[in-house]
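Trainee: Structure provided below as structure tokens; questions to follow.
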Amino acid sequence: MSSQKSVRKQIVVGLFAVALVGGAVALFMERTPLLAWFYMHSLSRAAEQDRTLWVDRTAGLGEGAEPAVFACLRQTDEGACRNAGAVLERWTVQYGPDDARAAALADHMGKGFGADSLAGRQVVLEMAALWFAPTTAKPSDALASACARLVAAAAKGAEPSVHAAGLNLCSLALDRTDDAKEMLDAGRDLVLVTLRDEPAANRVRATLLAVRPGMDDLEEVAVLLKDPVPEVRRAALLAVGPADEKVVSAKSLLPVLHDEDLEVRRACEDVLRLDRHLSPQSYQIGWCLYHPDPAQRLNVLDHLRRGAGVEPGVWLRELSHDKSPAVRLAAVRVMSQQDRIDLSDRLEQMAADDPSPTVSQMARLYQKWTKPAAGVQR
């Protein structure tokens, strides 16, 4: 009997020892996550002089501290998110852009991006941008791809502060990336969204990014030539100035010659002369054509009569669409007198459906007097 009791006792002791060892192992396994939560909690409450200590301790835990750091990024308190950002910043220094751990961290940052608070998303984008500083090593393709996904995620939201941080990340990444297709695709979407942001500074930033080769957003940038903020209009003008004529025509820039802002007007003049190579005659006609005063717009006809060395057809067609009936009527008369260019199709349109009955009637009359064209293209 005593031997049986002894055996039972040994079994109990053995089981207890196994349980104790198992508990110790489990505690050891959970040591890093527990420390991470404790460190992040302490960091969120730390005074400025103690902040570096807790950042060092948290960052020193490595990947095991990521869940605690990412949880902090979901908080709406900006200070808490900045504290988490300090840990991310430490990791960006420890994990260079050519380090596989950097790509893994960026990927994890992207996967949690949608759950982050506004402040958290902004912090994530700002910290990711540190990998693309000019003084760092060349980023790996995996890191560039992960950060392109971050930029794409930034484009899906409506927060201007996130857009601004995303534009900065995209711009820096394009400077340091060889195969930039994925980043360009993400940046293009972000530019389109940011061009409609309320803060004027964001619209200017988006315009600057849109001029990057391969971005292909200049048609949308041209819309900002009518932006209410002069700085935005000027940025848009400088962006589309060197653009291909098929993308943004010189004709679409002519109204800006009469912008209410002096600096914008001067910039437009430089663009038309230097980038679009408009002749002095074409420039003067274009200036008159879009002048707010109808009397000035009629001066286009005087320039054409004097033989300004330009093709009159394109200018007459443009003038025939003027909002002033008096200007359109004058254009009809001159169009009917052309014997080297064929404008009969436009005269026919005006005779049929010009908004002014008088202009329409006179167009029908002038049609009868129009001389046959001399075979010159319309």
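The values are calculated or read from the model by the stated rules, or taken from the named source; none is laboratory data. A quick note: this is a predicted structure, and the numbers were derived from the prediction, not measured. Counting neighbours? That spans all protein chains shown, and the Cβs are built from the backbone with ideal geometry, glycine included.
Trainee: Can you tell me how many residues within the stretch 138-182 are under 23 Å from A236 (Cβ atoms) and within 12 Å of the chain's Cα centre (by Cα)?
Mentor: Matching residues across the stretch 138-182 total 14.
Trainee: Under 27 Å from A201 (Cα atoms), in contact (Cβ under 8 Å) with a residue 24 or more places away in the chain and hydrophobic (A, V, I, L, M, F, W, C), is that true of V327? Walk me through how you get there before you give the answer.
Mentor: Numbers: under 27 Å from A201 (Cα atoms): no; in contact (Cβ under 8 Å) with a residue 24 or more places away in the chain: yes; hydrophobic (A, V, I, L, M, F, W, C): yes.
Taking the combined requirement at face value, the residue does not satisfy it.
Trainee: Same structure again: Being at pLDDT 95 or above, over 29 Å from R51 (Cα atoms) and of a type in the set (D, E, K, R) is true for just one of K111, K156, K138. Which residue is that?
Mentor: Working: K111 fails: over 29 Å from R51 (Cα atoms); K138 fails: at pLDDT 95 or above.
Sole residue among the options that is at pLDDT 95 or above, over 29 Å from R51 (Cα atoms) and of a type in the set (D, E, K, R): K156.
Trainee: A further question follows. Filter the stretch 252-275 down to residues that are in contact with a helix residue (DSSP H, G or I) (Cβ under 7 Å, 6 or more places away or on another chain) and not in a helix (DSSP H, G or I) and give me whichever is surrounded by the most Cβ atoms within 10 Å (Cβ to Cβ).
Mentor: So the residue we want is D259.
Trainee: Okay, next question. Condition check: touching a Ser or Thr at 6+ places or on another chain (Cβ under 9 Å), crowded, with 17+ Cβ neighbours inside 10 Å and assigned to a helix (DSSP H, G or I). Does A102 satisfy that?
Mentor: Working: touching a Ser or Thr at 6+ places or on another chain (Cβ under 9 Å): yes; crowded, with 17+ Cβ neighbours inside 10 Å: yes; assigned to a helix (DSSP H, G or I): yes.
So A102 fits the description; yes.
Trainee: When you look at A36, is it crowded, with 17+ Cβ neighbours inside 10 Å, modelled with pLDDT under 75 and in a helix (DSSP H, G or I), yes or no?
Mentor: Taking the combined requirement at face value, the residue satisfies it.
Trainee: Run down L304, L298, L278 and say which single residue is out of contact with any Phe, Trp or Tyr (no Cβ under 8 Å at 6 or more places or on another chain), buried (at least 18 other Cβ atoms within 10 Å of the Cβ) and more than 25 Å from L237 (Cα to Cα). Don't jump to the end; show me each part of the working.
Mentor: Working: L304 fails: out of contact with any Phe, Trp or Tyr (no Cβ under 8 Å at 6 or more places or on another chain); L278 fails: more than 25 Å from L237 (Cα to Cα).
On inspection, the qualifying residue turns out to be L298.
Trainee: Taking the condition in contact (Cβ under 8 Å) with a residue 12 or more places away in the chain and either surrounded by fewer than 16 Cβ atoms within 10 Å (Cβ to Cβ) or over 27 Å from A137 (Cβ atoms) (or both), does L184 pass?
Mentor: Values: in contact (Cβ under 8 Å) with a residue 12 or more places away in the chain: yes; either surrounded by fewer than 16 Cβ atoms within 10 Å (Cβ to Cβ) or over 27 Å from A137 (Cβ atoms) (or both): no.
Answer is no for this residue.
Trainee: If we only count helices (runs of 4 or more DSSP H) wholly inside the stretch 199-251, which ones have 1 or more residues that are among the aliphatic types (A, V, I, L, M) and either free of Cβ contacts under 8 Å to residues at least 12 places away in the same chain or loosely packed, with under 14 Cβ neighbours inside 10 Å (or both)? Full working, then the answer.
Mentor: Details: elements: 200-210, 218-221, 230-240.
Here the list reads 200-210.
Trainee: Scan S320, S344 and give me the residue that is at pLDDT below 95 and more than 25 Å from R273 (Cα to Cα).
Mentor: Numbers: S320 fails: at pLDDT below 95.
The match here is S344.
Okay, residues lined up against (1) aliphatic (A, V, I, L, M); (2) under 11 Å from V162 (Cβ atoms); (3) outside any helix (DSSP H, G or I):
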| position | (1), (2), (3) |
| --- | --- |
| G110 | no, no, no |
| A119 | yes, yes, no |
| V123 | yes, yes, no |
| E126 | no, yes, no |
| T135 | no, no, yes |
| A148 | yes, no, no |
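Trainee: Here is a follow-up. Starting from the stretch 43-68, keep only residues that are under 23 Å from A115 (Cβ atoms) and in contact (Cβ under 8 Å) with a residue 40 or more places away in the chain, then list their pairs with residues that are of a type in the set (A, V, I, L, M, F, W, C) and assigned to a helix (DSSP H, G or I) whose Cβ atoms are within a distance under 7 Å, requiring at least 6 positions of separation or different chains.
Mentor: These pairs meet every condition: L43/W54; L43/V55.
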